[in-house]
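Asks: Before we start, here is the structure in question, set down as structure tokens.
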Amino acid sequence: MSPQDARKLRTPALMAALDSEDAKEGLLAFQHKRPPLRPGR
């Protein structure tokens, strides 16, 4: 895979990761200075 192809794939993958429930919970946990809640894990 060329670097250009990798860059094209990186943005959608990053956006999906940042929009995940884990990412949202991680941000809330950080803001409230508590460990993240991970039900079902």
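What follows draws every value from the coordinates through simple rules; no lab data is involved. If you're wondering where the values come from, they're calculated on a predicted model, not measured in any experiment. Here the Cβ positions follow ideal geometry from the backbone for every residue, glycine too, while neighbour counts run over all protein chains shown.
Asks: Give the number of residues within the range 1-24 that are under 22 Å from residue 36 (Cα atoms) and not hydrophobic (A, V, I, L, M, F, W, C).
Replies: Number of matching residues: 5.
Asks: Of these, 37, 9, 27, 14, which one is outside any helix (DSSP H, G or I) and either surrounded by 10 or more Cβ atoms within 10 Å (Cβ to Cβ) or not acidic (Asp, Glu) (or both)?
Replies: That would be 37, the only listed residue that is outside any helix (DSSP H, G or I) and either surrounded by 10 or more Cβ atoms within 10 Å (Cβ to Cβ) or not acidic (Asp, Glu) (or both).
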